[in-house]
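Engineer: Can you read through this structure? Questions will come right after.
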Amino acid sequence: MSANHSDQDSVVDIITRKLEKALAPKSLEVINESHLHSGHAGSPGTGESHFRVKVTSSDFADKSRLQIHQTINKILAEELKGKIHALAIEAKAP
């Protein structure tokens with residue numbers, strides 16, 4: 001675990017903290033959708049693997065959808081390598 005979070009933090013808490021720090025969003029909602037994928041192929045069964053992020057940030061102004069997704073994926077790179085199996089992103093500028 002990095003110095004930014006402990007083993008006790010939920011993945012929702014980690015995602016929220018990282019996105020708030022990096023993007024200073026106007027709005028942010030992180031939804032755990034893991035229960036919707038229980039038993040599906042590739043689902044690790046941890047209860048914390050599938051997430052939806054709804055975020056509005058001034059950082060996204062003049063960026064393409066691809067650039068926004070790349071930005072979020074970079075911020076959450078550590079989690080995407082391990083804990084997060086799937087991440088749906090709904091992002092926009094204010």
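The values are calculated or read from the model by the stated rules, or taken from the named source; none is laboratory data. Just so we're clear, the structure is a prediction, and the values are computed from it rather than from any experiment. We place every Cβ from the backbone using ideal geometry, glycine too, and count neighbours over all the protein chains shown.
Engineer: Going by the structure shown, is residue 23 of a type in the set (A, V, I, L, M), surrounded by 11 or more Cβ atoms within 10 Å (Cβ to Cβ) and at pLDDT below 95?
Structural biologist: The answer is no for residue 23.
Engineer: Just one of 18, 83 is surrounded by 11 or more Cβ atoms within 10 Å (Cβ to Cβ), at pLDDT below 95 and among the basic types (Lys, Arg); which is it?
Structural biologist: Being surrounded by 11 or more Cβ atoms within 10 Å (Cβ to Cβ), at pLDDT below 95 and among the basic types (Lys, Arg) holds for just one of 18, 83, which is 83.
Engineer: Return the residues of the stretch 36-59 that are modelled with pLDDT of 95 or more and farther than 15 Å from residue 13 by Cβ; say none if nothing qualifies.
Structural biologist: Listed by number, the residues that qualify are 52, 54, 55, 56, 57, 58, 59.
Engineer: Taking interchain pairs and intrachain pairs at least six residues apart, which have beta carbon atoms under 6 angstrom, with the first residue in the stretch 55-77 and closer than 13 Å to residue 87 by Cα and the second at pLDDT 95 or above and in a helix (DSSP H, G or I)?
Structural biologist: 75/18; 75/22
Engineer: Out of everything in the stretch 60-80 that is in a helix (DSSP H, G or I) and buried (at least 16 other Cβ atoms within 10 Å of the Cβ), what residue ends up being modelled with the lowest pLDDT?
Structural biologist: Checking each candidate, the answer is 79.
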